[in-house]
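Following: one structure in structure tokens, then a few remarks.
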Amino acid sequence: MKSKRIIALFMCIILSLSLVFTGCSKEKDSDKKDDTKNEQVSPEPTPDEGDDKDKEDDKEDDKDDDKDDDKDDDKDVVENVFDYEKGQSVLSLEDEDEFDSFLNEVYLFLNTTDSLTLHFAMQNPEDYGIEMELTYGDSDTDTFEEDFIELLEDGLADFDYDELSESQQIVYDLLSYELDMYYQGQDFENFYIWSLAQSGNVISNLQSMFTEYSIQTKEDAETYIELLKMYPDYLEDVIDVIQEDVDAGACLTQDMYDMSIDMAKDWLSDEAEENVIYIAFRANLQEAELDEDEEDELLSQLADVIDETMMPAMEDYIDYIESLEDEIDEPKGLASFDGGKEYYDWLLESYLGTGISTEQLYEYLVDEHDAMWDRILEISEENPTALYFFMSAKSKYSDDPEEILEALEELAKEYFPDLGDLDWVISYLQKEQEVDSIAAYYLSPQLDNIGRRIIRVNGSNVTDSIYLFVTLAHEGIPGHLYQDEYSLNSDDYQEINSSLSYLGYQEGWAMYVEKLATDWCIEDDDYAELWFINTMSSYVMVSIADIGVNYMGWSYDDLCDWMEENGYGTDMVDYIYGLVVSDPGLYPAYGIGYLLMNDTVSALVEQGDSLMEAHTKILEIGCAPYSILWDRLGVEPLAEYAK
């Protein structure tokens with residue numbers, strides 16, 4: 001009974017569900033340094049200072065309101081200084097080696113599908129002989145996939161694997177994996193309208209690309225405006241794709257319907273100057289360092305396009321989505337569809353690449369889940385107060401993002417290869433772009449401008465010093481930014497690596513880094529361990545729910561029963577069920593991804609490697625499915641489950 005009470009108390013804290021994904025991409029990835037003129041970070045008041053601080057805030061309320069009004073009138077912009085060495089390039093598309101030339105061909109195929117993708121890949125494509133008309137690309141993804149597969153099949157067949165260098169063999173393995181996954185998944189149908197799902201939502205993803213579009217020259221700005229003029233035609237293509245899914249009987253849930261309308265409405269505003277696209281463009285225009293007259297002219301052109309072209313097209317899109325209301329169906333896991341269980345098995349493998357079955361991964365996940373709670377009970381018996389007070393812990397470090405990254409750079413040198421002095425740009429989001437659940441995210445650089453390592457910071461969400469410290473470790477050092485930098489500085493760097501994404505490895509590494517960062521910033525060891533378990537247990541719990549609902553066929557009531565049996569209660573079931581139905585396999589990429597990365601490091605340490613050596617070996621192989629990573633490292637972390 002004691003253990004049940006302890007777990008129940010702890011669950012009340014846990015179910016804040018710190019499931020914040022970065023963009024990671026993002027992305028994410030998902031996809032960096034220097035000064036910022038606007039310091040939006042203010043230190044949290046200590047308990048002793050709290051009352052006085054509140055009084056001072058009350059006295060200043062009217063003044064602040066007046067200032068805010070002035071800012072609205074003037075349409076002030078959060079200024080950012082893009083101080084970095086421009087023009088650093090690792091892009092080389094002319095190689096004497098035949099295999100490297102083939103890889104360049106694959107890289108160009110993937111990055112010249114549309115103008116937005118090309119711009120995020122390179123700043124000056126014309127320097128590499130690339131000329132392409134402005135386009136959003138072909139909405140017929142089947143044709144693209146078929147052409148890509150043909151390119152891989154024909155290309156790989158021309159080379160003797162044994163004659164390739166080790167780094168070339170790794171890329172060969174990755175491309176072979178892509179072929180295998182394609183053939184395993186080509187016959188699956190669209191069970192849901194994935195272009196309206198949360199992570200794959202076409203409109204939301206496109207907004208991210210437009211708001212993060214780098215404007216380094218006047219030509220960039222002009223291209224941006226021209227692309228926005230073409231937006232209505234693209235939306236018509238999107239509607240055609242959605243309608244094909246509807247006609248084929250793909251499922252549309254209420255959550256997907258509501259979310260898609262809300263995301264589309266984010267593109268609308270009463271005035272063009274209040275539109276999120278206009279605000280992001282105006283902020284990003286700072287980097288081009290144009291004179292005031294040029295800026296005003298470009299902003300005027302953009303406002304006209306937003307008013308006359310973009311918003312009317314988006315209103316038509318919203319009308320179309322609203323017309324689908326009669327198509328809304330009850331949310332249900334993939335296992336409820338004919339062939340859905342097999343599809344989920346394939347989907348999870350595409351995220352993680354373990355080479356073992358979903359049943360075996362589920363067994364592994366449940367064991368890890370139980371081990372976490374065993375550890376909680378252990379700590380609570382040794383240090384009873386820790387369970388109640390760990391959430392009140394404070395970071396040992398500043399809550400200034402710049403100072404945090406500098407501290408992380410030094411701390412990482414003890415356990416990770418020293419890459420010298422890393423540069424990054426801290427860039428604050430405009431107020432209209434801020435999202436409560438996101439503290440910061442990282443943007444990968446263009447390959448011909450790798451000095452532009454951007455970390456976006458939400459200035460309104462940096463009050464929790466531990467959360468900010470850990471997030472900046474995840475996004476920055478030794479997380480995604482560090483991963484990128486290590487890869488870009490490799491003697492065997494291949495451009496194609498920037499286009500191959502394996503979410504389980506990428507986010508597994510970044511979540512593993514969060515564990516180290518938590519230890520670095522929290523003084524008390526028990527508090528630090530509990531703080532990280534609080535984060536990871538949420539991912540693990542949702543990962544179990546994801547497999548349960550989408551592979552094992554759990555109903556809503558089954559999920560309620562599991563949550564209750566494991567001490568979570570049922571208050572969050574609606575939320576969790578919606579998450580795992582909307583984006584099957586996504587949450588395990590984080591939850592299981594971390595567990596696999598942690599066990600990979602542990603397996604190397606058990607063989608005699610230091611942490612430095614283990615981390616170096618993993619980084620040397622680079623982003624890959626876990627089965628390829630383990631084969632190269634000579635470890636089998638899940639051997640007992642793969643029997």
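The values are calculated or read from the model by the stated rules, or taken from the named source; none is laboratory data. If you're wondering where the values come from, they're calculated on a predicted model, not measured in any experiment. Note that we place each Cβ from the backbone using ideal geometry, even for glycine, and neighbour counts take in every protein chain shown. The protein model used for the area step is the full one, side chains on, heavy atoms only, and it has no ligands, DNA or RNA in it. Shrake-Rupley method; radii C 1.70, N 1.55, O 1.52, S 1.80 Å.
Among residues belonging to region 623-643 that are among the small types (Gly, Ala, Ser) and modelled with pLDDT of 95 or more, point out the one that is nearest to the chain's Cα centre (by Cα). Among them, the one singled out is 624.
Please tell me if residue 449 is open to solvent by 40 Å² or more (accessible area, probe 1.4 Å), over 22 Å from residue 393 (Cβ atoms) and modelled with pLDDT of 85 or more. Considered against the rule, which asks whether it is open to solvent by 40 Å² or more (accessible area, probe 1.4 Å), over 22 Å from residue 393 (Cβ atoms) and modelled with pLDDT of 85 or more, residue 449 comes out as no. The set of residues in region 339-353 that are open to solvent by less than 10 Å² (accessible area, probe 1.4 Å) and either of a type in the set (A, V, I, L, M) or part of a loop (DSSP other than H, G, I, E, B) (or both) comprises 348, 352, 353.
Residues of region 186-195 include none that is in a helix (DSSP H, G or I), more than 27 Å from residue 497 (Cα to Cα) and open to solvent by 30 Å² or more (accessible area, probe 1.4 Å).
In region 495-510, of all residues being in a helix (DSSP H, G or I) and of a type in the set (A, V, I, L, M, F, W, C), the one that is farthest from residue 595 (Cα to Cα) corresponds to 496. When region 122-164 is filtered for residues that are open to solvent by less than 50 Å² (accessible area, probe 1.4 Å) and in a helix (DSSP H, G or I), the ones remaining, listed by number, are 125, 148, 149, 151, 152, 155, 156. Comparison of 221, 264 shows that the only residue that is buried (at least 19 other Cβ atoms within 10 Å of the Cβ) and under 24 Å from the mean Cα position of the chain (by Cα) is 264. The condition (being acidic (Asp, Glu), touching a Lys or Arg at 6+ places or on another chain (Cβ under 8 Å), within 30 Å of residue 620 (Cβ to Cβ) and surrounded by fewer than 21 Cβ atoms within 10 Å (Cβ to Cβ)) is satisfied by just one residue among 492, 423: 423.
Of all residue pairs spaced 6 or more apart or on separate chains, those with beta-carbon atoms under 7 Å, a first member in region 518-538 that is within 21 Å of residue 590 (Cβ to Cβ) and part of a helix (DSSP H, G or I) and a second member that is open to solvent by 30 Å² or more (accessible area, probe 1.4 Å) and of a type in the set (Val, Ile, Thr) are 534/13. In the set 628, 544, only one residue is part of a helix (DSSP H, G or I), β-branched (Val, Ile, Thr) and buried (at least 23 other Cβ atoms within 10 Å of the Cβ); that residue is 544.
Yes/no matrix, rows are residues, columns are (1) more than 21 Å from residue 614 (Cα to Cα); (2) in a helix (DSSP H, G or I):
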residue	(1), (2)
461	yes, no
469	yes, yes
485	no, yes
512	no, yes
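Return the residues of region 521-570 that are β-branched (Val, Ile, Thr) and closer than 18 Å to residue 465 by Cα; say none if nothing qualifies. If you could, list the steps in order and put the result at the bottom.
First, pick out the residues of region 521-570 that are β-branched (Val, Ile, Thr): 522, 533, 535, 540, 542, 544, 547, 549, 570.
Once the filter is applied, which keeps residues that are β-branched (Val, Ile, Thr) and closer than 18 Å to residue 465 by Cα, region 521-570 yields 522, 533, 535.
On the stretch given as region 279-336, residues that are surrounded by 14 or more Cβ atoms within 10 Å (Cβ to Cβ), outside any helix (DSSP H, G or I) and out of contact with any Leu (no Cβ under 7 Å at 6 or more places or on another chain) total 4. Condition check for residue 238 on (1) surrounded by fewer than 17 Cβ atoms within 10 Å (Cβ to Cβ); (2) within 24 Å of the chain's Cα centre (by Cα): one failure, at (1). Can we say residue 593 is surrounded by fewer than 17 Cβ atoms within 10 Å (Cβ to Cβ), over 21 Å from residue 490 (Cα atoms) and small (Gly, Ala, Ser)? Answer is no for this residue.
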